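Trainee: Sharing a structure below in structure tokens format, with a few things to ask.
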Amino acid sequence: MAKQTPKTSTKAVPQNGADKTSACRIALIGFGTVGRAVAKILCESPPALLQLTHICNRNFERKKQDWIPRDVIWTDSVESVLQSDVDVVVELIGGLNPAEHIVRDALDCGKSVVTANKQLIARHGPDLLQLAASKGVQLEFGASVAGGVPVLPALRTGLSGDRLHGIAGILNGTCNYILSRIESARIPFSQALEEAQARGYAEADASEDLDGGDARAKLAILALAGLHARVTPESVRARTIRAVDAVDFDYAAELGCTIRQISRADLKDNNSLFAEVGPCLVPADSPFGRVQRNLNLVLTSGRYGGDMAFLGAGAGGDPTAVAVVSDLMFVAQGLSAMKKEAARHVFTPEISCDFETAWYLRFFVRDQPGIVARLARIMAAHHLNIDSLLQKPGFEKSSLPFVITLEPCRDSMLHPALEQMSGLEFATRPCLCLPILR
Ligand SMILES: NC(=O)c1ccc[n+]([C@@H]2O[C@H](COP(=O)([O-])OP(=O)(O)OC[C@H]3O[C@@H](n4cnc5c(N)ncnc54)[C@H](OP(=O)(O)O)[C@@H]3O)[C@@H](O)[C@H]2O)c1
């Protein structure tokens, strides 16, 4: 890391009430939405073992708050923080660079690290855990998935006695907000996205959310913590929600279902993992079907404990800060939520998306005789069994939506048929193909 001349504001003058000899000294790096909310908890309701000593942010002068005790040192130099006597560095700047260097340097210096950074942990989690173990310090990342929902601590402690084989979740609040708005108001996707952006639930460029990049990074972290599997986010297939139309909710309702972005990972045997992220049909009265707006839900399946559910606010400064402070309390008590041996026992499975499910295929076609017969011939040639055919009245014949549902088959059996169907001249839009999860 480049040498910097530290600009610090005030000298450390002990002011807050924590016992300075035994308290765990904490440096926040990044004083944005989450950093500020963490500082608020540490200053308003300071847990006995935690003492905020440093806040580091570029151009920190504009960030200063009068509710931060005067003995907290403000600085823009990460290096001065690492050279200080802090025990724990809390990385809350986000992104990969320079966050990765900061976290590695902190661990190298013998500081424990708490982070909420999903991109960092999804890509470098196993290596960073090993580095932490080799240095005898802790790396905690409970806020990196599902914000304030304590699913990661549960996977790494309360459920660690089970043998988990499956994890599925609604992990992206933006997608869930958009899909549940289309569902409740039957508005077009573009209007639901604009609404989400206006309310601050979606960024101006929401591609990471809509196209599944955010959710698959979180799924990779859940797979690491719960299934002890090293999964790179890019190895997980992600399907976009952009093609989901209001009419798909009408057809889904006829099937007793609704549509949600689901991230799922299932261990198949010792060396393979089925994993995928994308919109799916789920029963309307199921736990997934009932999740509205920007909430998150994670379901786990274990050999001994069966199914468990975790529901709550997946984002937001305050809920995320609770997860960060809880991690800090783990560190202060010397309780590693990620057992050191877990870092060593991570395996690298083959990743596949070849789930066997029933399927929903929605076509928009220019109406003409013989369409269903041609589609049925293609299905039969690929040994796919049609379960039902749904067609709602009242649409223009120039672009008519209808749905075929298929009996369960593997993804790999269906895809050659979809490729063949993509060339049909009567299709006015690409076929939308969604798994039906029962
Ligand atoms: N917000 C949520 O609801 C939420 C939920 C779960 C997890 N997280 C994760 O929490 C982390 C923080 O998110 P956030 O929403 O708090 O982000 P944020 O509001 O953008 O805050 C980031 C802060 O870090 C500062 N910063 C950026 N680069 C820096 C650098 N190189 N050196 C020093 N300071 C730097 C920024 O300063 P400037 O003001 O100069 O930009 C800003 O104050 C991210 O990893 C995010 O994915 C957030």
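Trainee: If the only charges are +1 at each Lys and Arg Cβ and -1 at each Asp and Glu Cβ, what is the size of the charge dipole of segment 90-236 around the Cα centre, to the nearest 20 debye?
Mentor: Once rounded to the nearest 20, the dipole reads 500 debye.
Trainee: OK, next. Could you give the nm distance between label points at GLU195 and ARG290, where each point is 7 Å from its Cα heading toward the beta carbon?
Mentor: Reported label-point gap for GLU195 and ARG290 is 2.2 nm.
Trainee: I've got another one for you. Hey, if you put +1 on the Cβ of every Lys and Arg and -1 on every Asp and Glu Cβ in segment 182-236, which of ALA192, ALA223, ALA204 ends up farthest toward the positive end of that dipole?
Mentor: ALA223
Trainee: Same structure, new question: In the full protein assembly as shown, how much of PHE402 is accessible to a 1.4 Å probe, in Å² to the nearest 10?
Mentor: The accessible area comes out at roughly 10 Å².
Trainee: Same structure again: Set the Förster radius R0 to 60 Å, insert the Cβ-Cβ distance between LEU49 and ALA381 as r into 1/(1 + (r/R0)^6), and round the FRET efficiency to 0.05.
Mentor: Here the calculated transfer efficiency is 0.35.
Trainee: Here's a follow-up. Just subtract the alpha-carbon distance of ASP205 and HIS345 from 0.36 nm times their residue separation and send over the number in nm, one decimal.
Mentor: My answer for the length gained is 46.6 nm.
Trainee: Once you have the Cα-Cα distance between THR232 and GLU419, take 0.36 nm times their residue separation minus that, and quote the gain in nm to one decimal.
Mentor: 64.6 nm
Trainee: Using Cα atoms only, what is the angle between the long axis of helix 411-422 and the major principal axis of the chain, expressed in degrees (0 to 90) to the nearest 10?
Mentor: That helix lies at roughly 60 degrees to the long axis.
Trainee: Post the alpha-carbon centroid distance, segment 349-379 to segment 386-438, in whole angstrom.
Mentor: So the separation of the two Cα centres works out to 4 Å.
Trainee: Moving on. In degrees from 0 to 90, rounded to the nearest 10, what is the angle of the helix 173-185 Cα long axis to the longest principal axis of the chain?
Mentor: Tilt of helix 173-185: around 40 degrees.
Trainee: MET421: net charge of surrounding residues, Cβ under 14 Å, Lys/Arg +1, Asp/Glu -1, itself excluded?
Mentor: Overall, the nearby charge balance is +2.
Trainee: State to the nearest 20 debye the size of the charge dipole of the chain about its Cα centre, where the only charges are +1 on K and R beta carbons and -1 on D and E beta carbons.
Mentor: The calculation lands at about 520 debye.
Trainee: Report the extension gain between ARG163 and GLN391 in nm, rounded to one decimal, defined as 0.36 nm multiplied by the number of residues separating them, less their alpha carbon distance.
Mentor: Answer, rounded to one decimal: 77.7 nm.
Trainee: Can you give me the angle between helix 118-135 and the longest principal axis of the chain, using Cα atoms only, in degrees from 0 to 90, rounded to the nearest 10?
Mentor: Here the helix axis deviates by roughly 40 degrees.
Trainee: Rank CYS175, CYS433 by accessible area, highest first, at a 1.4 Å probe radius?
Mentor: Descending order: CYS433, CYS175.
Trainee: Mean residue ellipticity at 222 nm from the helices of the chain, using -39,500 (n - 2.57) per DSSP H segment of n ≥ 4 over the full residue count, to the nearest 500 deg cm²/dmol?
Mentor: Roughly -9500 deg cm²/dmol at 222 nm, from the helical runs in the chain.
Trainee: Still on this structure, I have one more. So, R0 is 45 Å and r is the distance between the beta-carbons of ALA253 and ASP85; what FRET efficiency does that work out to, to 0.05?
Mentor: 0.15
Trainee: Express in Å², to the nearest 10, the accessible area of SER398 obtained by rolling a 1.4 Å probe over the protein heavy atoms while all chains stay in place.
Mentor: Its accessible surface works out to 70 Å², give or take rounding.
Trainee: What is the spin-label model distance, in nm, from ALA373 to SER134 if the labels are put 7 Å beyond Cα along the C-beta direction?
Mentor: Computed distance between label sites ALA373 and SER134 equals 6.9 nm.
The values are calculated or read from the model by the stated rules, or taken from the named source; none is laboratory data. What you see is a predicted model, and the numbers here were worked out from it, not measured in a lab. When we count neighbours, we look across all protein chains shown, and the Cβ atoms used for this are built from the backbone with ideal geometry, even at glycine. All accessible areas refer to the heavy atoms of the entire protein, side chains included, with ligands and DNA or RNA removed. Shrake-Rupley method; radii C 1.70, N 1.55, O 1.52, S 1.80 Å.
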